[in-house]
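Here is the structure we will look at.
The values are calculated or read from the model by the stated rules, or taken from the named source; none is laboratory data. Owing to the predicted nature of the structure, the values given are computational and were not obtained by experimental measurement. As a convention, Cβ positions derive from the backbone with ideal geometry for all residues, glycine included, and neighbour counts pool all protein chains shown. These area figures cover heavy atoms from the full protein model, side chains too; ligands, DNA and RNA do not enter into them. Shrake-Rupley method; radii C 1.70, N 1.55, O 1.52, S 1.80 Å.
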Amino acid sequence: MLLSSITRFLKEQGGIAIKVLSYNAHDTERVHGVEGVSRSKGLGLIKQILQTDILVSGGGSILQDGTSSKSLYYYMGILGLGKLLGKKVYLMGNGYGPVTHGYNRMMLKFLLKNVDGIVSRDQDAYEAFARYQPKRLFNGVDCVFLQRSDQTTHADKPSKRPYVVMSLRPWKNDLAILEAVSDTIDKLDRLGYDTVLVPMKQPDDSLFSRPLLEKGGHVSLLEHDIEALKQCLEHASFTIGMRLHALILSTIAHTPFIAVSYDPKVASFARQVDQKVGCTTESISSEKLSDAIDDMLMNLEKYRMLLNENLVDLSKTATEQMELLMTWINDCN
């Protein structure tokens, strides 16, 4: 979705040839209509960067060592290679952190002071990037907000009863999460709501969520399909989500949400759009989720109104930051 949002905007400007680093270059070309470049071919990758004018990091939380330092080094290596080869390098809608190791922060300081422009994904990332004193810095949003909210299609509801969408992911305390969510599904059933589980990352999220299907017919699993997910979110009463982009898509579908924060970026986004943070994964409990659901149902229209007001601003900012990128690109010519 990040890729389709950014490339659609760039194509509309005309005159820009787009190459995309990808784990599956063939599928990227087929789905998005751009030239795919394999991320894993070292010398070929260097050749591709040599042949380009501008290198853009298209969003996501790539600058973090919470997953591993290895992934951070890979992404810093790509951006650093671009600068080493004399290219203009921009970060577009990127998150930041956590970066816990002092050596990693030192390397990032050198890199981020030398890139040509940064658009942050949220306020927290903006403040983190500002400490590195980059050449250009814009307080932006996730590029997925370039998606037009009227692009969702009106399809049949996946459930006869009202339903709640849940987006779960594996995390350190898997058993505690599943136990709390299982109790929450029971509560929703008593209140007259079905639960639709939506895995955002395959196969991880799907495998993690499958044990909950044993609870019976009021729980279903939506296999990964972005259009089906959009339609599902459009008709949902509200969303309970761990994955950031499940909450972002819920926002685009005008559907209020309760965040379960496994990472600061999740709570940060919920605050940005004035939605409910039910709990963190570390403190998760059925009681906290129950209280959050009670509050959501009592104030559903208020949360929906706040969401819609913020969505207008987010969509506007997403367009502004892409126009800013075009200004930077044109300055290179």
Which of the following residues is open to solvent by 10 Å² or more (accessible area, probe 1.4 Å), among the β-branched types (Val, Ile, Thr) and in a strand (DSSP E or B): Val277, Val312? Val277
Counting just the residues of region 177-207 that are open to solvent by 40 Å² or more (accessible area, probe 1.4 Å) and in contact (Cβ under 8 Å) with a residue 60 or more places away in the chain, which one comes out farthest from Tyr262 (Cα to Cα)? Leu191
One residue is enough: does region 34-56 have a residue meeting the conditions within 21 Å of Tyr126 (Cα to Cα) and surrounded by 14 or more Cβ atoms within 10 Å (Cβ to Cβ)? yes
All but one of (1) among the β-branched types (Val, Ile, Thr); (2) in a helix (DSSP H, G or I); (3) in contact with a Cys (Cβ under 8 Å, 6 or more places away or on another chain) hold for Thr327; state the number of the condition that does not hold. (3)
From the list Asp291, Asp331, which one is open to solvent by 60 Å² or more (accessible area, probe 1.4 Å), closer than 30 Å to Asp116 by Cβ and either without any contact (Cβ under 8 Å) to a residue 60 or more places away in the chain or out of contact with any strand residue (DSSP E or B) (no Cβ under 8 Å at 6 or more places or on another chain) (or both)? Asp331
From the options Val115, Val99, Val119, residue that is of a type in the set (Val, Ile, Thr) and open to solvent by 10 Å² or more (accessible area, probe 1.4 Å): Val99
Can you find even one residue in region 256-274 that is closer than 16 Å to Leu306 by Cα and of a type in the set (D, E, K, R)? yes
Per the filter on region 54-77, residues part of a strand (DSSP E or B) and on the phi < 0 side of the Ramachandran plot are Ile54, Leu55, Val56, Ser57
Only one of these is outside any helix (DSSP H, G or I), touching a residue at least 40 places away in the same chain (Cβ under 8 Å) and not charged (D, E, K, R): Ile284, Ile248. Name it. Ile284
